[in-house]
1. Shape call for region 599-646 from the C-alpha gyration tensor, a ≥ b ≥ c root eigenvalues: rounded (a/c under 1.5), prolate (a/b greater than b/c) or oblate?
2. Which of the listed residues, Ala388, Val668, Asn250, is farthest toward the dipole's positive end in the chain, when Lys, Arg count +1 and Asp, Glu count -1 at the beta-carbon?
3. Can you tell me the order of 273-281, 705-713, 889-897 when each peptide is scored by its average per-residue count of other Cβ atoms within 10 angstrom, highest first?
4. If the reach is capped at under 14 angstrom between alpha carbons, list the aspartates and glutamates near Lys79, excluding any in the same chain fewer than eight residues apart.
5. With charges set only on the Cβ (+1 for Lys and Arg, -1 for Asp and Glu), what does the dipole of the chain come to about its Cα centre, in debye to the nearest 20?
6. Considering the options Gln843, Gly863, Val911, tell which one lies farthest towards the positive end of the dipole of region 802-918, charges being +1 on Lys and Arg and -1 on Asp and Glu at the Cβ, about the Cα centre.
7. Output ³J(HN,Hα) for region 290-297: one whole-Hz value per residue in order, computed from phi by the Karplus curve 6.51 cos²θ - 1.76 cosθ + 1.60 with θ = phi - 60°, and x for Gly and Pro.
8. Normalized C-alpha radius of gyration of the chain, against 2.2 N^0.38 Å?
Amino acid sequence: MRTKFSGLLTLFLALAVQVVLAQEKTISGNITDQDGLPLPGVNILVKGTSNGTQTDFDGNYSITASTGEVLVFSYVGMKTTERSVGASSTINVQLEVAAEELEGIVVTALGIKRESQSIGFAQQSVKGDDLVQTRETDISNALAGKVAGVQFVGAPSTGFGNSQIRLRGNSNVLYIVDGIKVNASSDINTDDIEEMSVLKGAAATALYGPQGINGVIIITTKQAKEGVSSVTVNHSSTIENVYLLPDYQNEYGGGYSQDFNTFTYDPSQHPASWASFDGQQMVEYYADESWGPRMDGQMVRHWDSWIVGDPEFGKLRPFSPNGSNVKDFYQTGSVNNTSLTFAKGGEDYSIRASIQNIDRKSVSPNSDRNTIQGTVNATFDITEKLTAFTNVNYQLRQTKNFPDNGYGNLGSNFNQWWQRQLDIDRLRDYKRNGEFVSWNINSPTNTRPLFWDSPFFEVYENLNFQDKNAFFSKIGMSYEFTDDFNASVEVRRSMNTYESNNRTGFGGLNVEGYSESESTDSLDEIFGIANYDTDLTDAIDLSASAGFEIGTFNYKSINANSVGGLTTEGFYSLNTSVDRPNVSSYRSQSQRKSIFTKASLGLFDGILYLDGSARLDWQSTAYEEDNRVETYGGSASFIFSKLLPENNVLTFGKLRASLAQAPNFPGVYANSETFAVGTPYGSYGALSTRSSYPNPFLAGGVREEMELGGEVQFFSNRIGLDFTYFEKTDSELPVPISLDGSTGYTSTRDNQGEQFYKGIEVALNVTPVRTENFSWDMSFNIATLNRYVNKIADGVDVNVLSSTWRGIQLQERVGEEWGAIYGRAYQRDDQGRILLSSTGSPQYDTNQYLGNVLPDFTGGAFGTLRYKNFSFQFSFDFQKGGKVFSVTRMFNNYSGLGAETVGNNSLGNPVRDEIVGSGGWWYTPAADAGADSGGILIEGADVTTGEPASYYVEAQTYWGRLFALHERWLYDASYVKLRTLRLDYSIPSAFIEKTPFSDVNLGVFANNVWLIDSAIPGLDPSEIETRNGVNWTEGGQLPNTRSFGVNVKLTF
């Protein structure tokens, strides 16, 4: 019996297992959109469980489920769809666009999500995947050319690319990451970005008050998706090389004249062994220009042939060009960017954590940067109604030897003061026999550098180090009281600390030295908001929010530097300062308290939307008796397409309008007296007041803005057009006012300035081709901006914003467009001819209008082509108009380095040949020039008689006369640039189904691909250093680079 029972039990269990196995099975299928195109990234969840997955690049999926269970298919912008598991193991689903999602959900101020059709102001979104196509580590670079009205102001990657952007002509854009204010766009891991929302106008940013007056970029980071667990490794390796340098001449070498020096042996000064050197020709070592002899291979003594103990000592070498001596100084740079992400989502929680390491080696020798950053983003449903959330971000960035931009950096050696015959490899060993050596020696008996250390001394001995710690986080809770009403409160903190030290090396031209600096800034905030969203009737809906924000900002810094040199060679410390170190410190604190509210009313079943928002801010930096400002915004959105009969042409149409008033606050201590601590007098301390009187009633100004626009979609969203016209007036701007010296002050600031802006922004999206296997999406944008000065101050018509080389200035003038450049310009007659002196010298006037820094328009294009598992992306950006002053171009020719300084004149003779004619050695009237005369022909009119005049002018004299004649060195800043290329291949799921990977993506990319058009030889107008937030002058630019990389992205 026991055996029979055991047999029956075994049979029963076997049957039970067979039933279970028959019920649980692998379900697979394909998910497409309403056009039949595959949808990657669709979430598939077994309802009521945490078992889930996502579709791959081809829209394919597989999941284990039992018969009778329900699969839930969800995707942003699509209707959530459910399918029951039946007998079939294949479930294919075609998702439909959700009616309420037809125009998409966009992120607006304070992170409030709204249907794009309901907003009455300009807003543009960029997907995170479109920002990381070339693995940029700074989102400002990644944003170039992608948003209308955003002007990208780049910087050469050689200096780690300190770029910025301007929104509608304003810099200091506010960056918000998941509600947290951050200082810099480089503080954010671009792999973490889900979407970026750009708010340009005052109505769009009204809920941020004065903080958002210059525009807001809201970044929403990625979160784990319910029912999905994943681990992603994303690695890219990039190489970078210098690709753009000035066009150098390679005909003439170093010197101030075209004659070599000759060594004359003097037994009273020189060793007897030098007697054999007598009569040898020498380069003019002390000259840091290239106006020397023609380089024809003459045997001469080069600088290193006088370094005792050097292998080249006493030797003659050919005087020949080294055409690549500048480019050969730079090395191949690299960027290794690796990120690891873990994400897991359940029914009542989601957590996503990432860590990124960026190891970067600059093209400038001995310069590198390492960045490590980590992020945790999590939510937990404590109850059905109560949710806790947190976001923590930390970045450590360590930089060694940050290359300086501007005059005095390495570019000064190569582009301004240099000799074209120099062999860069002979400068690498800059310390020989215990002595630091360089090409610019004083004389054969004094081999110390006269003007310039070796460029390798500069990068290996004059060092700087910087550590930056960036931390920003929040923690909060939200409670859903009803389906219509919820509230949340959160605490935020963002903090940045900087530590740096600079070392001036022993043995160089400059006195050795050491300096340290430390600074910390922090912002602590408490934020709360309540939201109410309901349908008042079938045709009217209401959405309202109200809240508060309290913020405290702290800043402190300390700086110290050695004085008189250092006592111990190689020991860089303030303790080794020869004299008492200089030490200074600073501290500031400010507080802001705010309340805000907004309401949106949808009327006539979504045909008309009316919005209103208001914010009140109290800030400690304002006048104590009147420290409140009020920000208001109102907008309307009219969906006119809903009133039209259904048709196959116009899919969607909207008109919008907005008005806003946005005041600003003065800066910290701008209206209160502070005292500077000076050098002690003996045992007595020293305090001093500042020279500018702090006006206690100073305000920050007020902006009033109007915006009109519209949006249309055609042919089922295959063509989309968004257009905006805006006007804004900034009034009561703080401006400097001169004071009589008897007051004890030289100036003060008063609210008298007024400026007016207007502009047009257009964005066009087109899908020319879309089939099952191929699609082509394009987006274009273009924008114009005009800015006028209505008033500066009573009795003041001109204000100098910035100035540089010999009086060239960026000015604002009443009644004129802002950003005028004034400086030296040619004197011309009524026919436009340059007026010339009797020796052919061009005459000039000072403080003349030369042009305007503002471009006529800016824009860009971004395209994506997909064919099966391949994806190809590219982006362009461009600018028309605007002016920029180039110091590099000016010095390049002044010093005889530029290609323009050589060639043949109209007589067919080399321009550097001597003048032959009736004038002096430096000029001759063209009519008297000999057939074999050199010189550069200059034509114009005689300054005295007005008669036509022309002269041949000796080349060095000609270019010397043009130094700081600003008009000659002012260039059109227009450009067209192919900025990025990327090709991706996603390995089909069938090839990796037996591997641990759910997705494998391989990519190659390039950045700074091709400067298609530029009016500035050897320079990239899109990467010009900025002054006053405007790229109007280039002061000794670092070289531009091009990079190529490979990318591997693995998802488990």
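What follows is calculated from the coordinates using simple rules that are stated; it is not laboratory data. Being a predicted model, the structure only gives us computed values, none of them experimental. Every residue, glycine among them, receives a Cβ derived from its backbone with ideal geometry; neighbour counts consider all protein chains shown.
1. In terms of gyration-tensor shape, prolate.
2. My answer, from the dipole projection, is Ala388.
3. Ranking, from highest mean packing down: 889-897, 705-713, 273-281.
4. Asp33, Glu96, Glu100, Glu101, Glu103
5. I would put it at about 1920 debye.
6. Final value for the positive-end residue is Gly863.
7. 10, 9, x, x, 5, 8, 10, x
8. Normalised Cα radius of gyration, the chain: 1.11.
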